[in-house]
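Quick notes on the structure that follows.
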Amino acid sequence: MTFPPKPQLPPYAKIDPQKAAAKLAQPIDTARFAKAANFAAKGRDDLARRGYAPDGKKRPRRFSTWEVCRYVLPVAPAHLRRVLKAHPELPQGTGDGGAKWYSLEEILTLREHFAEEGAPNRQYLPWRPKGLPAKVVAVANFKGGVGKTGTAAHLAMSAALDGYKVLVIALDPLGSMTSIMGGAVSDEWQTAFPLIARDYAHHVMDENLVRKAAGNTELPLDETLREALTVSPRNLIQKTNWPNIDLIDAQLNLYWAEFQVPVWRMQLNSWPLRDALEPDLKLVE
């Protein structure tokens, strides 16, 4: 069976399709994608380093005398200068004349001094009732790109500027919070994953006691769960570029938990995942 010849493509704006196709560049292969990705990574690293100190570390900026007295300490600038002059052992800030700039470490030291020797009717240290546990704030949303990490970072920094000690637990495998806070992790065993696994392992052991007494098949306690039982939250907490903010980091391998956790929930649907990190938070208060 013969087919009629294919009709020639009609000319478009006096362009010959064959000649135009011959002028096209070679198709983009994976090597060119890798080259473009390498250039993008170098540009990203360059932008990141511009916000670092000369030693390659990120640090919060310094705060002026006006900012310290307006937003941080309930003292007048003139009174602050008198106190610093009378106590040369206190942080004096950097800069000439009255234009002084203070690091957050120095501000925290000034807080402690005014709390001891300042006016009794003013609050220099952050308020926290005795005997009550630390506050836990969760920032979550099923939608990506809605500002979860930025909101959590600003909440942490705001509390830190108020003088509170803050522990940030990053659960996003993208690791944006880790980058913001200047952290670094090598694998998922330095993230919150082993804490979640440890909590599940404890519930498995409790369930197995019940099953053993009833003569039923016990749930497996594999190598991952046994290793998680040896992990302490104190070994996962890192210091950040903020003196009163600590961090349990995240990194790309944490994405694996999104597949493993549902498997554990299917094996033991009574496991309260929502409370998996609560015992660990009590240990590090």
> If we keep just the residues of segment 33-69 that are at pLDDT below 85 and basic (Lys, Arg), which is farthest from Gly98 (Cα to Cα)?
Replying inline: Lys42
> Mind checking which residues of segment 144-171 are small (Gly, Ala, Ser), out of contact with any strand residue (DSSP E or B) (no Cβ under 6 Å at 6 or more places or on another chain) and outside any loop (DSSP other than H, G, I, E, B)?
Replying inline: Gly150, Ala152, Ala153, Ser158
> Scanning for something without any contact (Cβ under 8 Å) to a residue 60 or more places away in the chain and assigned to a helix (DSSP H, G or I), does segment 118-134 turn up at least one residue?
Replying inline: no
> Out of all the residues in segment 187-217, which are part of a loop (DSSP other than H, G, I, E, B) and either free of Cβ contacts under 8 Å to residues at least 60 places away in the same chain or surrounded by 21 or more Cβ atoms within 10 Å (Cβ to Cβ) (or both)?
Replying inline: Thr191, Ala192, Gly215, Asn216, Thr217
> What tally of residues in segment 19-40 results from selecting those that are among the β-branched types (Val, Ile, Thr) and within 30 Å of Gln8 (Cα to Cα)?
Replying inline: 1
> Is it true that Glu106 is farther than 23 Å from Asn253 by Cβ, of a type in the set (Asp, Glu) and surrounded by 11 or more Cβ atoms within 10 Å (Cβ to Cβ)?
Replying inline: yes
> Looking at segment 172-186, which of its residues are of a type in the set (S, T, N, Q) and either surrounded by 17 or more Cβ atoms within 10 Å (Cβ to Cβ) or in a helix (DSSP H, G or I) (or both)?
Replying inline: Ser176, Thr178, Ser179
> Considering Trp189, Trp264, Trp271, which residue is of a type in the set (A, V, I, L, M, F, W, C) and closer than 19 Å to Gly175 by Cα?
Replying inline: Trp189
> Is it true that Trp127 is surrounded by fewer than 16 Cβ atoms within 10 Å (Cβ to Cβ) and in contact with a strand residue (DSSP E or B) (Cβ under 9 Å, 6 or more places away or on another chain)?
Replying inline: no
>> I need a count of the residues in segment 218-257 that are part of a helix (DSSP H, G or I), touching a residue at least 24 places away in the same chain (Cβ under 8 Å) and surrounded by fewer than 16 Cβ atoms within 10 Å (Cβ to Cβ).
In response: 7
> Can you pull out the residues in segment 88-103 that are farther than 14 Å from Leu73 by Cα and crowded, with 18+ Cβ neighbours inside 10 Å?
Replying inline: Gly93, Lys100
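The values are calculated or read from the model by the stated rules, or taken from the named source; none is laboratory data. Since the structure is predicted, the reported quantities are computational estimates derived from the model, not experimental observations. As a convention, Cβ positions derive from the backbone with ideal geometry for all residues, glycine included, and neighbour counts pool all protein chains shown.
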